[in-house]
């Protein structure tokens, strides 16, 4: 099932204020610190390709994979770059037969893996596509902060030359599952005709805790080497909603 069936068409507009360049600068620093000679990147859950495009412009060879055909159709409109490719795939079952210096998964893709079996399958995908000397990088919702400051109703309004959009996000938490249903309602008005359309989508997200991440990584023969607050590089605390996990294939003696 494509969780972005209606959302995809407005995705880039909704996140036009997202600091993609700053985020890629941060990712590039992490890559250079951990794998200085890295050349190839597998971007799992690449969405509309904004991170992948900017990384390709930095001369990494990037292969972006996403489960949403709707998101990929937008990614494939990016101007051609020999360093950039996209393909359809589910990160829980992906098997490309290739290894990469960096396996990357951004903007909470791992938090979309709401079942433990799904998360473990995604971690096996990280392992199966990572060079022995490579590292994986992914961000996710951080459980302690989500529990301390639960998500609340949010309304976002924006427009361009063609449409006006109101997005309402109404969250429902399930504390025994460590998940949040983010119920989106999108109201779109087309300026040329005045016609309005409304659609709803639910994005279920899982908030994660470091000990469970470490346990599941270990089962996939992976080791966490760092955990930090997204972008700031600070040690995560109860106000850190988004963490970055950095890891590698476990050394043979730890398996």
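Restricting everything to alpha-carbon atoms, can you work out Rg to Rh for region 22-126 with a Kirkwood hydrodynamic radius?
Radius of gyration over Kirkwood radius for region 22-126 works out to 0.95.
Computed over the chain with a Gaussian network model linking Cα atoms closer than 10 Å, the most mobile of 149, 193, 68 is 193. Taking the longest Cα principal axis of the chain as reference, the axis of helix 210-219 is set at about 60 degrees. For the chain, the antiparallel share of DSSP beta bridges with both residues in that region comes to about 70%.
Contact order for region 149-206, expressed relative to its length and based on alpha carbon pairs under 8 Å spaced 6+ residues apart, stands at 28 percent. Taken as Cα centroids, region 61-82 and region 163-181 sit 26 Å apart, rounded to the nearest whole angstrom.
Here the Debye sum runs over all C-alpha atoms of region 149-206 as equal scatterers in vacuum, and log10 of I(q)/I(0) at q = 0.27 Å⁻¹ comes out as -1.03. Can you tell me how much longer the chain between residue 168 and residue 19 gets when fully stretched, taken as 0.36 nm per residue apart minus their C-alpha distance, in nm with one decimal? Fully extending the segment from residue 168 to residue 19 adds 51.5 nm. Summed over qualifying helices (DSSP H, 4 residues or more, each -39500 (n - 2.57)) and divided by its residue number, the chain shows a 222 nm mean residue ellipticity of -7000 deg cm²/dmol. Neighbour counts of C-beta atoms inside 10 Å place 250, 105 in the sequence 250, 105, starting with the fewest. Between 195, 153, 103, the GNM of the chain built on Cα springs shorter than 10 angstrom shows 195 fluctuating the most.
Subtracting the Cα-Cα distance of residue 37 and residue 209 from 0.36 nm times their residue separation leaves 58.8 nm of extension gain. Taking the Kirkwood radius as Rh and the Cα radius of gyration as Rg, region 72-174 has a ratio of Rg/Rh equal to 1.05.
Compared with the dominant principal axis of the Cα atoms in the chain, helix 20-34 is inclined by about 0°. For the residues 43, 237, 181, a GNM of the chain with alpha-carbon springs under 10 Å puts the largest fluctuation on 237.
Between residue 223 and residue 199, the contour length at 0.36 nm per residue exceeds the Cα-Cα span by 4.5 nm. For the chain, the alpha carbon convex hull comes to 128 Å³ per residue, rounded to a whole number.
The alpha carbon gyration tensor of region 105-255 gives principal lengths a ≥ b ≥ c with a/c of 1.5 or higher and a/b greater than b/c, which makes the shape prolate. Using only Cα atoms and rounding to the nearest 10 degrees, what angle (0 to 90) does helix 116-128 make with the longest principal axis of the chain? Helix 116-128 sits roughly 60 degrees off the main axis of the chain.
Values quoted throughout were computed directly from the atomic coordinates according to the rules given, and no laboratory measurement underlies them. These numbers were taken from a predicted model, which means no experiment stands behind them. Because the Cβ atoms are built from the backbone with ideal geometry, glycine has one as well, and the counts that use them run over all protein chains shown.
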